[in-house]
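Everything below concerns the one structure shown next.
The values are calculated or read from the model by the stated rules, or taken from the named source; none is laboratory data. The structure presented is a predicted model; accordingly, all values stated were derived computationally and were not measured. Don't worry about glycine lacking a Cβ; one is built from the backbone with ideal geometry, like all the others, and counts go over all protein chains shown. The protein model used for the area step is the full one, side chains on, heavy atoms only, and it has no ligands, DNA or RNA in it. Shrake-Rupley method; radii C 1.70, N 1.55, O 1.52, S 1.80 Å.
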There are 2 protein chains.
Amino acid sequence: MKLRIDDTSPIPIYGQIKNGIIQMIALGDFKENEKLPSVRDVAVALKVNPNTVSRAFTELSIEKIIYTKRGIGNFVKNGAEDLCKKKVYKRVLSNIDQELDILKKAGFDKKAIEKIINDMRSK
Amino acid sequence: MKLRIDDTSPIPIYGQIKNGIIQMIALGDFKENEKLPSVRDVAVALKVNPNTVSRAFTELSIEKIIYTKRGIGNFVKNGAEDLCKKKVYKRVLSNIDQELDILKKAGFDKKAIEKIINDMRSK
DNA sequence: TATACTGTGTTAGTTAAATAGAACACTAAT
DNA sequence: ATTAGTGTTCTATTTAACTAACACAGTATA
């Protein structure tokens, strides 16, 4: 299980779980119609309450990314991979854009920003 | 007052206010020993509780970025500009780094990432 | 075929944190 | 003393997360 929780993050745990699963589906770690790990298993793995995991799954279900069979498990929906790829890409770009804006406002010019990006890419 | 609150952000309001003021000091919008806008004025401007603003100021005070004169106001500390520049730079880089990591894990190669950055910079 | 068992998702009640509303407390000027 | 401007505290509400118990589905077995 790739998923990790960052206790210092302001993003609520159920949100981090949602994002993590969306990323994993985007990446093909969970294929369409594949069963996800159970609420309890995820809860144990992340040392988190089943309730919290259940909330993440419920919201993913509302967003039509997974579907739930009560008493059986949660499964990836058809078309979820593309949907998740779009979601991840959109969120990441929006976040990077926002951060670059801050650098721009703070007076870093294009060259400085370019250097920063290069430094990070080479790590 | 440049500061804006994002109601959809998971970052608590007092945290957004803290970050915003740190950015403004870094940018020179508030000079050292200059008086910041009052708790109430900020609260009204942001449509937020004075309490919430007070908390942000208290924490900035603990972090030695501003100092408080009760009954008078809050003021920027000596040396705050440099300190804030460092903080902003560090936070932004850490955030960008994290986002680029997600792109990398999602299978975007260096060229794709480079293109993304260029597209954003040119906007 | 009835019953119990195991694995699954879900609900109820509690605690802690963020925010709001209202009132309090300090400072300076008149 | 009174007033206007300031930061602060008290109390209540809402949301996230936890603990514990509940409810459903499939399977084994008596």
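Looking across the range B:58-85, the residues that are within 16 Å of the chain's Cα centre (by Cα) and in contact (Cβ under 8 Å) with a residue 24 or more places away in the chain come down to B:59, B:60, B:65, B:66, B:76, B:80, B:81, B:84, B:85.
The rows are residues; the columns are (1) closer than 27 Å to residue B:17 by Cβ; (2) more than 8 Å from chain A (Cβ to nearest Cβ).
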position: B:66; (1), (2): yes, yes
position: B:73; (1), (2): yes, yes
position: B:104; (1), (2): no, yes
position: B:113; (1), (2): no, no
position: B:119; (1), (2): no, yes
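Confirm whether residue B:90 is over 21 Å from residue A:16 (Cβ atoms), exposed (fewer than 12 other Cβ atoms within 10 Å of the Cβ), at pLDDT below 85 and not aliphatic (A, V, I, L, M). So residue B:90 does not fit the description; no. Taking the range A:7-53 as the range and being within 9 Å of DNA strand D (Cβ to nearest atom), at positive phi and small (Gly, Ala, Ser) as the test, no residue passes.
For residue A:78, the conditions (1) surrounded by 15 or more Cβ atoms within 10 Å (Cβ to Cβ); (2) away from DNA strand D (no atom under 15 Å from the Cβ) are fulfilled apart from (1). Of all residues in the range A:93-116 being open to solvent by 40 Å² or more (accessible area, probe 1.4 Å) and among the acidic types (Asp, Glu), which is farthest from the chain's Cα centre (by Cα)? That would be A:109. In the range A:1-105, counting only helices (runs of 4 or more DSSP H) that sit wholly within it, the ones holding 3 or more residues that are closer than 30 Å to residue B:84 by Cα and away from DNA strand C (no atom under 14 Å from the Cβ) span A:80-105. Once the range A:18-55 is narrowed to residues that are within 11 Å of the chain's Cα centre (by Cα) and closer than 22 Å to residue B:11 by Cα, the residue that is surrounded by the fewest Cβ atoms within 10 Å (Cβ to Cβ) is A:19. Could you tell me whether the range B:6-17 includes any residue that is within 12 Å of chain A (Cβ to nearest Cβ), acidic (Asp, Glu) and under 22 Å from residue A:12 (Cα atoms)? Checking the range B:6-17: at least one residue is within 12 Å of chain A (Cβ to nearest Cβ), acidic (Asp, Glu) and under 22 Å from residue A:12 (Cα atoms).
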